[in-house]
Amino acid sequence: MVLYTYNKIKEFVFGKGIGGERVRYLIVGGLTTLVNFGLFTLLHEIMGVDSTVSNLISIPVSILFAYCANKLAVFRQRSESFKDLSVEFCKFVGSRLFTMAIDIGIVFLFDNVLYWNATVGKAFSQVFVIILNYIISKALVFRTKK
């Protein structure tokens, strides 16, 4: 029974089905958030860099990490040509720049308009950004070719 349950959990997480993909996305999304949030916190809270500048550094680093991790681990996509890879990368970066604007806007609102803690604003924005990034990645960037 224990082995059966283990195998079912393993299939759910690492299998090719949509359940496994979502679980892998949550894991990669969590790691991407750690990269983004960790670098932001290091720059803003520890080094005293402006919150917007910290965001403008931490987000591109996390976008590069997210592209590699999502392509290889989550959606398991292989590009047939350099052109396909370039188009896919541009779609990914474009979509992440869109969600970056949302992220920066929320942090700016918390820090410079409401005068609340920028790090709390960053944490708050990540909920929306993670969900929106999955939807865009699934629907636009890493679509299964028919």
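None of the figures in this text is laboratory data; all of them are computed from the coordinates on show. Values in this document were obtained by computation on a predicted structure and should not be read as measured data. Methodologically, a virtual Cβ is constructed for each residue, glycine included, from the backbone with ideal geometry; neighbour enumeration extends over all protein chains shown.
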Using +1 on the beta carbon of Lys and Arg, -1 on that of Asp and Glu, and nothing else charged, what's the dipole of segment 2-141 about the Cα centre, debye to 20?
-> 660
Among the aspartates and glutamates, select those whose C-alpha is under 20 Å from the C-alpha of Lys91, and discard any that sit fewer than 8 residues away in the same chain.
-> Glu21, Glu80, Asp103
